[in-house]
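Notes for the one structure printed next.
Please treat every number below as a calculation from the coordinates, not as lab data. Bear in mind that the values here come from a model prediction, so they are computed numbers and not experimental data. Virtual Cβ from ideal backbone geometry, glycine too; neighbours counted across all protein chains shown.
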Amino acid sequence: GGLTGPATVAHIHGPAAVGANAPPIVPFSNVATSPIKGTATLNDAQVTSLTTGMLYVNVHTAAHPGGEIRGQIVK
């Protein structure tokens, strides 16, 4: 909620430290619904990135095609 408009795409990126960028590795297919729900199977390297805080979620909107909101995934 609170975005400038509907989400156009969203995905998990990694591996990247806080403030660094990385390519998307897990796309979200249902960004028009809230909350976004789904499942994904990660490979061993992605699991390591997840458990070490090296993945982040990025949500894009029409007003901010590069990403409007970003959040590092942490325990």
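For this structure, a couple of remarks:
- For the stretch 64-69, backbone phi angles converted through the Karplus equation (6.51, -1.76, 1.60; θ = phi - 60°) give residue-by-residue couplings of 9, x, x, x, 9, 9 Hz, Gly and Pro being listed as x.
- The label-point distance for residue 33 and residue 63, in a model that sets each label 7 Å from Cα toward Cβ, rounds to 2.6 nm.
- Among the listed values (1) 33, 15, 11; (2) 17, 15, 10; (3) 22, 14, 10, the one matching semi-axes √(5λ) of the Cα gyration tensor in Å as calculated from this structure is (3).
- Sum of -39500 (n - 2.57) over DSSP H runs of 4+, divided by residues of the chain (222 nm, nearest 500): -3000 deg cm²/dmol
- Simple spin-label estimate for residue 3 and residue 47 gives 3.0 nm between the two label positions (7 Å along the Cα-to-Cβ direction from each Cα).
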